[in-house]
Amino acid sequence: MSTRPISRLGNPQLREPSVEIPAEKIGSTEVKNLVKLLFEHMAHYGGVGIAAAQIGINKKVFVYGFESNPRYPGQGPVAMTAMINPTIVEYSKQHIDMYEGCLSVRGLRGQVPRSEHITVEGFDEHGKAFSRKISGFEARVVQHEMDHLNGLVFVDRIKDLKTFGFSDELQKHLVVD
Ligand code: ZN
């Protein structure tokens with residue numbers, strides 16, 4: 001694989017809404033290859049999730065999942081999952097505040113409220129439609145990756161900018177995970 005760079009905060013590509021995969025291409029080899037490429041990049045950069053937009057591909061596809069991840073030591077495992085043209089159709093009213101990071105904003109974290117439960121609809125890499133209720137950390141990851149498809153980054157959702165800072169600095173002073 002030729003590794004693509006991660007678009008970092010400041011790169012306008014990160015702010016462009018991604019386009020849907022046309023219906024006839026869902027389940028195609030082309031989309032399966034994109035999913036494979038995303039899993040490879042997620043592993044290479046050590047993320048818990050990655051959206052196509054983060055490697056300069058403006059399409060509504062993201063992947064996530066991990067056995068364990070040093071960036072989120074208290075969490076996991078989450079099954080390796082790909083979502084094509086996903087939509088969050090339901091958000092719980094209960095929110096959880098947690099420190100969140102991003103491969104595009106490496107080294108920085110901030111506290112972001114996310115719905116505790118969501119219902120998400122879309123297609124998997126085989127082209128099969130799904131509707132799933134997701135909760136907890138996985139729901140956070142899906143909301144984070146969904147934001148990338150809409151040109152949003154977690155920093156846009158930090159309620160109190162005083163919680164925004166360098167991970168290693170935050171870790172010295174409080175429990176980040
Ligand atoms: Zn991100």
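Side notes on the structure shown:
- What the pair-distance distribution of the stretch 1-104 shows, using all Cα-Cα distances binned every 10 Å from zero, is 13, 41, 37, 8, 0 percent.
- Residues 160, 147, 97 arranged by fewest to most Cβ contacts within 10 Å: 160, 97, 147
- Listed pairs 93/133; 93/172; 128/159; 36/162; 59/162; 36/172 exceeding 26 Å between Cα atoms: 93/172; 128/159; 36/162; 59/162; 36/172
- Annotation: the residues 42, 83, 146, sorted from fewest to most other C-beta atoms within 10 Å of their own C-beta, follow the order 146, 42, 83.
- The Rg/Rh ratio for the chain is 0.95, where Rg is the radius of gyration of the alpha carbons and Rh is the Kirkwood radius.
- Sites listed here are GluC sites (Glu not before Pro) in the stretch 1-104 whose DSSP assignment is loop and whose Cβ has at most 10 other Cβ atoms within 10 Å: 67.
- Magnitude of the charge dipole for the chain, about its Cα centre and with charges confined to Cβ atoms of Lys, Arg (+1) and Asp, Glu (-1), is about 200 debye.
- Neighbour counting of Cβ atoms within 10 Å sorts the residues 59, 133, fewest neighbours leading, into 133, 59.
- Calculated FRET efficiency, residue 150 to residue 68, Cβ-Cβ distance, R0 = 22 Å: about 0.15 to the nearest 0.05.
- Set of aspartates and glutamates with alpha-carbon distance to residue 60 below 18 Å, sequence-local pairs under 8 removed: 16, 20, 24, 30, 40, 121, 124, 125, 145, 147
- Taking 0.36 nm per residue of separation and subtracting the current Cα-Cα distance, fully stretching the chain between residue 33 and residue 3 would add 9.4 nm.
- For the chain: relative contact order, % (alpha-carbon pairs under 8 angstrom, 6 or more apart): 24
- In this structure, the amide hydrogen of residue 18, modeled 1.01 Å from its nitrogen in the peptide plane, lies closer than 5 angstrom to those of 150, 151, counting only residues at least 5 positions away or on a different chain.
The numbers here are math on the coordinates, done by the rules we state, and not lab data. What you see is a predicted model, and the numbers here were worked out from it, not measured in a lab. No Cβ is skipped: glycine too gets one built from the backbone with ideal geometry, and neighbour counts run over all protein chains shown.
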